[in-house]
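The values are calculated or read from the model by the stated rules, or taken from the named source; none is laboratory data. Since we're looking at a predicted model, the values are computed, not measured. Cβ: placed from backbone, ideal geometry, glycine included. Neighbour counts: every protein chain shown.
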Amino acid sequence: MKAALYARVSTDKQKDENTIDTQLNEIRNAIEKDGNSLSEDNVYFDEGWSGAYLARPSLDNLRQDAKQNKFEIVYVYDKGRLSRKYFHQELVIDELLQLSITVKSLHDINGGSPEENVMGGVMGLFHEYERVKTAERFRLAKLNKVSNGNLLGYNPPYGYDYIPVQGKGLNKVNGRFEINPAEAEVIKKIFNWVGVEGISMREVIRRLYDKKISPKKNMRKGWTKGPIIRLLKNTTYIGDHYYNKSKSCIPKNPIKDKVYFKHTNKTSRKARDESEWIKVEVPAIVDVNIFEAVQKQLALNAKYASRNTKHEYLFKGLTYCSCGQKRCGDTARGHSYYRCTDRSHRFPESRQCKEGGIRVDMMDKAVWNKLANMLTDPKLIKQQFKRYLAKQQIVEIPEDNSNGLKKQILELKAEEKRYVSAYGRGTMSEAIFDEYSSDVRKRLETASNTLEYAKKREPSKLIDVDPSVIVKQFTNLLTDLDYNDKVFTVRKIVDKVIATKESITICGNIPLSTSMAREQAGLHAEYWYRRPTECRQINFIQRPDK
């Protein structure tokens, strides 16, 4: 038979020790002993990938090739190589069996009878138990070491070097932090600048840049506000280092959509309760009094930060510059502007985008008026009203169709019971049960809602309404909206607003006609060089040099 093999190691240490070669060699020998043939195209292995996650590049390739009938049997060192989770193992094995592909494990019981299937399942559960037990054992061991005043492997904070464990037995010296003299001087300067001189974060960034002091990892020339604020709040610099302050978690709003995670998809952090923190004494770099002065200054900075000023930005988060960067709200000379963030992202280096700021009050008014004109176009409203009425007519179900829906609901309920029964007997895997039952529940919910809604409908009241009345009512509604209602409306229909010196383009999802779709906001800077007072009334595009 045409054979394939799959192998996996979960850590870089195993990868370095060539344990995957051990798996491959043993599997190749087994294939040759069984008299099967192995093509190099059917060799699949994932190096350094955790078995806790099913999404792995080579395993996905194996599952895709199985559908192309590229092999008839798959060899693995043990089922734990497929996954450390039992139901993931069964999902992959069941998927291959449905394609008439045999799975053979060298170190597990390969089911040939009901009894062997049960024993194979028990071994699969032990693979998952082993993973959980190992993770818990490591976690408790780390907590025990730190509770005894020891430091584990670290990427130390700026200002420190981590000295790993040295020696063994009675001569063993635990891991520790040592002060890095050059970095410690920088830490003292930053604390003095903020705690004594009371300078802003931007001025701290500027001074560090002028002195050619780069962040620890040297990923970029200049510092940013986030790392500096975290540095200033870090109690490690007064000698109080805390372990177990946070835990990993799955991000709610991931920056990038990743398919594969080698070891974990918990790429974000969540703060633990302070009672779970473990304190470890380390050498102090700054005085406690300076640290407390810095905390007071940070509190004052937060209180009087410009973001707390009560300005209304109708298109906040939606306004972009022609260079591709976002525009953010900013205040200058008594007016608020949407300004390109290129100057902030590149600070303290010089900005590349030369586009000027745009007056917030005038842009918000002009763009909102343009949107209101589009939304109150009589043709558009009548078109949407007709679509709404047509949709209402669809749910007016004759009596014979109503009986058909009732029959369909009974059939779907019976189908759902069959899936539950099959899953209870063990003849259907959990993954397949979830897939099928979920589909049935959705169809059942749709049919039930349609029948219920049809019973309550009174379509005659809607059909008698004059569309012109709707146009007038909708126009009055838009006119009376307050700021919060306008924000809600804008975010529902606008994707982005691209603002340049010449015009402002609105990108959204209003179903416009062809002629309307070509329109822009039409805010042209044709009176650029008039006197300042007159210019502010006509042209609200701020000059680039301002």
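Quick one: would you say Ser421 is surrounded by 16 or more Cβ atoms within 10 Å (Cβ to Cβ) and at pLDDT 70 or above? When the stated conditions are applied, Ser421 does not pass them. Does segment 199-210 contain any residue that is over 18 Å from Phe347 (Cβ atoms) and not polar (S, T, N, Q)? The answer is no, given that none of the residues of segment 199-210 is over 18 Å from Phe347 (Cβ atoms) and not polar (S, T, N, Q). The combined condition, being closer than 30 Å to Lys188 by Cα, at pLDDT below 80 and either in contact with a helix residue (DSSP H, G or I) (Cβ under 8 Å, 6 or more places away or on another chain) or not polar (S, T, N, Q) (or both), is not fulfilled by Ala390. Answer yes or no: is there a residue in segment 380-388 that is outside any helix (DSSP H, G or I), charged (D, E, K, R) and touching a residue at least 40 places away in the same chain (Cβ under 8 Å). Scanning segment 380-388, I find no residue that is outside any helix (DSSP H, G or I), charged (D, E, K, R) and touching a residue at least 40 places away in the same chain (Cβ under 8 Å), so the answer is no. Of the listed requirements (1) in contact (Cβ under 8 Å) with a residue 60 or more places away in the chain; (2) surrounded by fewer than 11 Cβ atoms within 10 Å (Cβ to Cβ), Leu151 misses just one: (2).
Within segment 34-50, does at least one residue satisfy the condition of being in contact with a Lys or Arg (Cβ under 9 Å, 6 or more places away or on another chain), among the polar types (S, T, N, Q) and touching a residue at least 60 places away in the same chain (Cβ under 8 Å)? Yes: segment 34-50 contains one or more residues that are in contact with a Lys or Arg (Cβ under 9 Å, 6 or more places away or on another chain), among the polar types (S, T, N, Q) and touching a residue at least 60 places away in the same chain (Cβ under 8 Å). Criterion applied to Glu349, Glu292, Glu312 was being more than 30 Å from Tyr243 (Cα to Cα), surrounded by fewer than 16 Cβ atoms within 10 Å (Cβ to Cβ) and either assigned by TED's automatic domain parsing to the domain that holds Met201 or in contact with a Phe, Trp or Tyr (Cβ under 7 Å, 6 or more places away or on another chain) (or both), and the one residue passing it is Glu312. Residue count for segment 237-260, restricted to those that are surrounded by 15 or more Cβ atoms within 10 Å (Cβ to Cβ) and at pLDDT below 75: 0. The conditions of being over 19 Å from Ile31 (Cβ atoms) and surrounded by 15 or more Cβ atoms within 10 Å (Cβ to Cβ) are met by Asp60. Scanning segment 25-63 for residues that are touching a helix residue (DSSP H, G or I) at 6+ places or on another chain (Cβ under 8 Å) and of a type in the set (A, V, I, L, M) turns up Leu38, Val43, Ala52, Leu54, Leu59.
Considering segment 437-531, the qualifying helices (runs of 4 or more DSSP H), each wholly inside and each with 1 or more residues that are surrounded by 11 or more Cβ atoms within 10 Å (Cβ to Cβ) and at pLDDT 55 or above, run over 467-479, 483-493. Lys225 passes every criterion in (1) at pLDDT 85 or above; (2) over 23 Å from the mean Cα position of the chain (by Cα) apart from (2). Among the residues of segment 329-344, is there at least one that is assigned to a helix (DSSP H, G or I) and under 25 Å from Lys486 (Cβ atoms)? No; the residues of segment 329-344 include none that is assigned to a helix (DSSP H, G or I) and under 25 Å from Lys486 (Cβ atoms). Figure legend. Inter-residue proximity from segment 199-217: first residues over 16 Å from Glu185 (Cα atoms) and of a type in the set (D, E, K, R), second residues at pLDDT below 90 and not in a helix (DSSP H, G or I), beta-carbon distance below 6 Å, spacing 6+ or different chains. Indicated pairs: Arg206/Pro348. With respect to Ala135, determine if the residue is in a helix (DSSP H, G or I) and either at pLDDT 75 or above or β-branched (Val, Ile, Thr) (or both). Taking the combined requirement at face value, the residue does not satisfy it.
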